[in-house]
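Participant: Input: one structure, supplied below.
The values are calculated or read from the model by the stated rules, or taken from the named source; none is laboratory data. Quick caveat, the model's predicted, so the values are computed rather than measured. Here Cβ is always computed from backbone atoms with ideal geometry, including for glycine, and neighbour counts include all displayed protein chains.
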Amino acid sequence: MHIGKIWAALAVALAAGLLVPPVHAQNNQNNQGNNQNNGSNIIGTLPAGVLVSPEGVLRVKQFADKTGQLAKLRAAEARVKLGANLARPSELRKVSLTRLEAAMAQRLAAGQAPTDEMKNLAGLTRLQYVFYYPDSKEIVVAGPAEGFMADGAGRMVGVNSGRAVLELQDLVAALRAFPPAGKETHLISVSIDPTAEGLAAMQKWLVEISGKVRPGDANAIVEGLRQKLGLHNVTVAGVSPRTHFAQVLVEADYRMKLIGIGIEQPPVKMATYVSRANPTDVSRNALQRWYFTPNYDCVRVTEDALAMELVGQGVKLIGAHELVNADGGRVAAAAGSQASELYCKAFTELYPQIAQRSPVYAQLRNLIDMSVAAAFIQKQDYYGQSGWKAEVLLDEEQYPIETYEAPKTVETACTAIWKGSRLMTPVGGGVRIEPTSALKSSNLLKDEEGMVKAAHGQIKLEGLTENQWWWD
């Protein structure tokens, strides 16, 4: 039987980052119309995190808490530990970066580590504003906040909303990309790609098995694809690959691809690539690539440039279409896939709900916001105006953040879906953040109603105690 006549479409995620354990292809014998999935390795909506081996291979690790009782217990314990003030939800909590670093410097000089309060930026769940106050030379970030705890995967989340909390280590990674004295970082990115050798081996193997396979061979074909493609490379740019920042980029990217091809269940009801793909218009050597990127018209700035607000949902998913040559090279295709476009559209429109249910996507939004904020601080020269050199935060020896195993490779994660007769292969992609693009005059939003200026003026610093670095 010719491979083109087999009513089995194989979707293959050739993306790196998280390897779904155990490492096997899975047989998803559904028609994507009845939503019945028999694959035993499908990832549900339980808390999940990542593990990186000493060799640099990332894997998904899930944590059982089906009833939610463990989360409730952790939340109750966190409220007691944090105390009433810190645990109390706030519509707008302010954090002075200059004061925070001074407080950290005191602790470090005394041989003490930063507090949990410091490491989690007093529970900020979103970076909404950046303010500068010339009189006191304070650089302040502000946004909604609440008490915080580690979820089952060790991810820091709010005790009330479950939303991901901003972490100091991530903000520091962003500030190091836009330091007081140094070049701006044009691109922060992660790219997840198969090798040309692997793609060439895949193409050769597909030719060899053409006409020799049967519908029941789907699992064997997927396993063969996984072996031929081998390991894929993870490339991180703009930040150290050994940071939590980089790990979040890779995890968010890879899990988005797992959702697209049906290995991970989406946290909300939505169109996925495999649920909408029409195999009759997909070439056998076609590759679908998906990228997270910021919505760059997201910054509203006052006329005096003393305040900025980040608006909108901040993140969108875009797609690209490529073809694979016999030698494993990739070239742009003339036309894209409607199923891919629908998946990107759904993920973008539903991003706030997805981020609410799956904290890694809220973390990704936070990383983008922090990167844009750091670029704004550098561009407006708040460093020079305030005389703040950030000597503690920007020094890896004083405040180490490069403490994670760098993600380097991952094996192919594959799935088989019974739908149509073409080989569909979503490949690679990544995350591309160009923070300075959000600060271009063509993208900046004017503070026409004066709301950002008003928010800046409502913050009072006169009553703060000497060591106080956050307040409501």
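Participant: Output the residues belonging to the stretch 156-214 that are small (Gly, Ala, Ser) and either surrounded by 17 or more Cβ atoms within 10 Å (Cβ to Cβ) or under 30 Å from Ala84 (Cβ atoms) (or both).
Facilitator: Answer for the stretch 156-214, where residues must be small (Gly, Ala, Ser) and either surrounded by 17 or more Cβ atoms within 10 Å (Cβ to Cβ) or under 30 Å from Ala84 (Cβ atoms) (or both): Gly158, Ser161, Gly162, Ala164, Ala173, Ala174, Ala177, Ser189, Ser191, Gly198, Ala200, Ala201.
Participant: Taking the conditions exactly as written (among the hydroxyl-bearing types (Ser, Thr, Tyr), modelled with pLDDT of 90 or more and either part of a loop (DSSP other than H, G, I, E, B) or surrounded by fewer than 16 Cβ atoms within 10 Å (Cβ to Cβ) (or both)), does Thr465 satisfy them or not?
Facilitator: Working: among the hydroxyl-bearing types (Ser, Thr, Tyr): yes; modelled with pLDDT of 90 or more: yes; either part of a loop (DSSP other than H, G, I, E, B) or surrounded by fewer than 16 Cβ atoms within 10 Å (Cβ to Cβ) (or both): yes.
Yes.
Participant: Let me ask you something else. Just for the stretch 122-159: of the residues that are touching a residue at least 60 places away in the same chain (Cβ under 8 Å) and on the phi > 0 side of the Ramachandran plot, which one is nearest to the chain's Cα centre (by Cα)?
Facilitator: Result: Gly154.
Participant: Moving to a separate point now. Any idea which residue in the stretch 414-442 is surrounded by the fewest Cβ atoms within 10 Å (Cβ to Cβ), counting only those that are in a loop (DSSP other than H, G, I, E, B) and either basic (Lys, Arg) or modelled with pLDDT under 90 (or both)?
Facilitator: The first filter runs over the stretch 414-442 and keeps only residues in a loop (DSSP other than H, G, I, E, B), leaving 418-423, 434, 440-442.
Next, only the ones that are either basic (Lys, Arg) or modelled with pLDDT under 90 (or both) stay: 418-423, 440.
Working: Trp418: 17, Lys419: 21, Gly420: 19, Ser421: 16, Arg422: 21, Leu423: 23, Lys440: 12.
Ranking the candidates gives Lys440 first.
Participant: Please find, within the stretch 97-115, the residue that is farthest from Tyr383 (Cα to Cα) out of those that are among the polar types (S, T, N, Q) and in contact (Cβ under 8 Å) with a residue 60 or more places away in the chain. Lay out the reasoning, then the answer.
Facilitator: Taking the stretch 97-115 first, the residues among the polar types (S, T, N, Q) are 98, 106, 112, 115.
With the extra rule that they be in contact (Cβ under 8 Å) with a residue 60 or more places away in the chain, the set shrinks to 98, 106.
Details: Thr98: 10, Gln106: 21 Å.
Restricting to residues being among the polar types (S, T, N, Q) and in contact (Cβ under 8 Å) with a residue 60 or more places away in the chain, the top hit is Gln106.
Participant: Look through the stretch 115-137, keep the residues that are in a helix (DSSP H, G or I) and among the aliphatic types (A, V, I, L, M), and return whichever of them is surrounded by the most Cβ atoms within 10 Å (Cβ to Cβ). Steps first, answer last, please.
Facilitator: Restricting attention to the stretch 115-137, the residues satisfying the condition of being in a helix (DSSP H, G or I) are 116-119, 121-123.
Narrowing further to those that are among the aliphatic types (A, V, I, L, M): 118, 121-122.
Details: Met118: 18, Leu121: 28, Ala122: 26.
Once the filter is applied, the top-ranked residue is Leu121.
Residues are listed down the side, and each one gets a yes or a no for (1) at pLDDT below 95; (2) charged (D, E, K, R); (3) at positive phi:
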position	(1), (2), (3)
Gln380	no, no, no
Val392	no, no, no
Glu397	no, yes, no
Tyr404	yes, no, no
Thr412	yes, no, no
Leu444	yes, no, no
Ala454	no, no, no
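Participant: Another question, then. Taking Ser240 as meeting all but one of (1) in a strand (DSSP E or B); (2) touching an Asp or Glu at 6+ places or on another chain (Cβ under 7 Å), write down the number of the exception.
Facilitator: With respect to (1) in a strand (DSSP E or B); (2) touching an Asp or Glu at 6+ places or on another chain (Cβ under 7 Å), Ser240 is out only on (1).
Participant: Kindly indicate the residue of the stretch 218-228 that is surrounded by fewer than 18 Cβ atoms within 10 Å (Cβ to Cβ) and not polar (S, T, N, Q) and also nearest to Val392 (Cα to Cα) among those meeting that condition.
Facilitator: Within the stretch 218-228, the match that is nearest to Val392 (Cα to Cα) is Glu223.
Participant: Working carefully through the options Val274, Val282, find the one that is at pLDDT below 80 and not polar (S, T, N, Q).
Facilitator: Details: Val274 fails: at pLDDT below 80.
Criteria check complete, one pass: Val282.
Participant: Provide a single number: the residues in the stretch 182-222 that are without any contact (Cβ under 8 Å) to a residue 40 or more places away in the chain and either of a type in the set (Ser, Thr, Tyr) or touching a helix residue (DSSP H, G or I) at 6+ places or on another chain (Cβ under 8 Å) (or both).
Facilitator: 1
Participant: Name the single residue, out of those in the stretch 290-321 being touching an Asp or Glu at 6+ places or on another chain (Cβ under 6 Å) and in a strand (DSSP E or B), that is surrounded by the most Cβ atoms within 10 Å (Cβ to Cβ).
Facilitator: Ranking the qualifying residues of the stretch 290-321, first place goes to Leu310.
Participant: Further question on the same structure: If Val239 passes every condition in (1) of a type outside the set (D, E, K, R); (2) in contact with a Phe, Trp or Tyr (Cβ under 9 Å, 6 or more places away or on another chain); (3) over 28 Å from Pro400 (Cα atoms) but one, which one does it miss?
Facilitator: So Val239 meets the others, but not (3).
Participant: Right, here's the next one. Taking Ser161 and the conditions (1) over 17 Å from Leu367 (Cβ atoms); (2) touching a Ser or Thr at 6+ places or on another chain (Cβ under 6 Å), which numbered condition does it fall short on, given that it satisfies the others?
Facilitator: Single failed check for Ser161: (2).
Participant: Sticking with this structure for a sec: Val140 versus (1) of a type in the set (A, V, I, L, M, F, W, C); (2) in contact with a Ser or Thr (Cβ under 7 Å, 6 or more places away or on another chain); (3) part of a helix (DSSP H, G or I): which is the lone unmet condition?
Facilitator: With respect to (1) of a type in the set (A, V, I, L, M, F, W, C); (2) in contact with a Ser or Thr (Cβ under 7 Å, 6 or more places away or on another chain); (3) part of a helix (DSSP H, G or I), Val140 is out only on (3).
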